Structure formats: C-alpha cells, structure tokens
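Take a look at this one; I'll ask things after.
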Amino acid sequence: MIDFLQLLIYGIVLGSILTLGAIGASLVYGILRFANFAHGDMMTVGAYLALVAVTTTGMSVYVALPFAMIGGAAIAIFFDQIVYKRLRRTVPIILLISSFSTALILRSVTQLIWGPKNQVYEAGISLPYVVGGVRIRPDHVTIFVGSVLLIIAFHLFLKYTMAGKAMRAMSDNVDLARISGVNSERVFLWTWAIGGALAAAAGVFLALDTRLHPEMGWHVLLAVFAAVIVGGIGRPYGAIAGGMIIGVATELSTMVFEPAYKPAVAFALMVIVLVLRPTGVIKGQP
C-alpha cells in the first residue's frame, strides 16, 4: 500500500508538469489548428532561462520562475512572428514541418550555450517530509502548488478578461469570431504568449523534479501530446484531466513494468483513446 501511495504522489507531480505543458499545446492547436512539435523544447528553454537567473543573480528558482515565463512567452512570440505567421495560410503539414525545424533550432542552441551535461538549480539534498511512511519532497509540494496556482490564473484569464473571451471565441469558431470583430492577430499573440509562458513553467518544474538537460523537453513531448489527446484535442480544460491521467498511469505502471516502459504506457493510452473515444475525455476538435 505504501508503494502504491508513493507512486501516486509521483504520478500527481508528473501530472502537474504534463498538465501545464498540455494546456499550452492544446491552446495552440485549438486556436491556430496545428500541433506545435517545438513545445517540448520550449519547456527546455524555459528551464534554462530560470537557470540563468539563478546563477547570475543568486536568486531562488522560485523567484526566477516569473522571469523564465516572461522569457518563454517572448521566445514563443518571436518564432510566431518570424516563422509561423508567414505560413498560416499554407497547408497544416507545412506548419508541422516548420515546428520540427524550430524544435531542432531551440535544442541545438540550448546545447551550444549550456552544454550537454546535466545541471541543477541548487546543489545539496533536501530532506523529504514523511507522512504515514510516504516520502514527499519539498520540491514536489512546490511543483503541485505552483501548477494549481497557474491553472487557476489561466482559468480566471480565460473566463473574465476580454482577451480570454476572444480566445475562447476563436477556439470555438474562427470565422464567426472574426465576423464578430475579434482581432485574430492579437488573439494569436496572446495564444503564443500564454503557451510559451506555461511551457516555460512546466520546464522549470520538470527540472526541479529531475535535472536540466538539453533534451529534457523532447523526452516528455510524447507524454504531453498524449495528455492533449486523452483530455480532448484543442480543449485546454481537458488537458488538465489528460495530464493527470497520463502522469498517474505512467508512474503506477512501474508496479507492473520496468520504468523504461513509461513512455510506451503513455503511447498506449493515447492509442486506446484515439480508437475508443477520438474526441477525448472532454470533446475536442475533430
């Protein structure tokens, strides 16, 4: 029972990270109608931006998180204006290929600047909390609480701001939203900014849970897309459910399979949902 609860804690932490990444990826698909394969590497860049703030100023990684999110949003907008904006009127496969190219650029630049070795924000070991035999790392509490706060902030933004309402309108029906007077270019900018910021936050939390590495975001990209599909393609709220399902399922699977098979579990769940319920937990885009 203790082992089950311990793995459940790990699954919730992983699910929190995947949820932040999946919300951004789902938002981009829901409004811009293409799967951004550079999203995982945006997570990596966000993690390293926080590392820069930590190493240059000596600030805590928790204080550096907002700076990483702002940097992630700025980089996402930059690539949109330089690359994706010019290709929006082309067929979706062109955008898909361009996102692969962007991912390679981000990964290569990250490795050139910071090197290929593993890095950490802070050296040393923090003692875990022990509750009923279950060990909970302080970083895990931070990851979960931080993710919940960011999800609540995202919900409030979508529900109560004019920009959020315009994004929901564009997600439901692009043509009708434009006819109604919604500024589509402004919505696209907000979409990239929020997607980039949440990806950066997910990257920082992933680095807290593991270590920084130039390929860390690429390694979790399959799980992020699996969360998007399980939750409902193009539905950010569905991404919350999808992220938790994938996170908990992959960690609990280690009770039966070797940990090396965790990506295969995420892939299997994605395939099962595509076959049995293609629209996901919350009905998504076709």
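One residue is enough: does the stretch 191-202 have a residue meeting the conditions farther than 17 Å from residue 103 by Cα and surrounded by fewer than 19 Cβ atoms within 10 Å (Cβ to Cβ)?
No.
Considering only the stretch 34-64, state which residues are closer than 25 Å to residue 92 by Cβ and surrounded by 21 or more Cβ atoms within 10 Å (Cβ to Cβ). If you could, list the steps in order and put the result at the bottom.
If we filter the stretch 34-64 for residues that are closer than 25 Å to residue 92 by Cβ, which is where we start, we get 34-45.
Matches in the stretch 34-64: 36, 37, 38, 39, 40, 41, 42, 43, 44, 45.
Something else now. Could you list, in sequence order, all residues of the stretch 203-213 that are buried (at least 24 other Cβ atoms within 10 Å of the Cβ) and not β-branched (Val, Ile, Thr)? Lay out the reasoning, then the answer.
To start, the set of residues in the stretch 203-213 that are buried (at least 24 other Cβ atoms within 10 Å of the Cβ) comprises 203-208.
The answer is 203, 205, 206, 207, 208.
Another question, if that's okay. What are the residue pairs meeting all of these: first residue in the stretch 92-116, first residue over 14 Å from residue 40 (Cβ atoms), second residue in a helix (DSSP H, G or I), Cβ atoms under 6 Å, and 6 or more apart or on different chains?
94/87; 95/87; 98/87; 114/48
Testing residue 20 on (1) more than 12 Å from residue 195 (Cα to Cα); (2) in contact with a Ser or Thr (Cβ under 8 Å, 6 or more places away or on another chain); (3) in a helix (DSSP H, G or I), one condition comes back false. Which one is that?
Every listed condition holds for residue 20 apart from (1).
Take the conditions surrounded by 19 or more Cβ atoms within 10 Å (Cβ to Cβ), outside any loop (DSSP other than H, G, I, E, B) and under 14 Å from the mean Cα position of the chain (by Cα) and apply them to residue 228. Does it pass?
Yes.
Report the residue count in the stretch 1-59 for those that are touching a residue at least 60 places away in the same chain (Cβ under 8 Å), of a type in the set (S, T, N, Q) and under 16 Å from residue 71 (Cβ atoms).
Number of matching residues: 1.
Values quoted throughout were computed directly from the atomic coordinates according to the rules given, and no laboratory measurement underlies them. Just so it is clear, the structure is predicted and the values come from calculations on it, not from any experiment. All Cβ positions, even for glycine, are placed from backbone atoms using ideal geometry, and neighbour counts span all protein chains on display.
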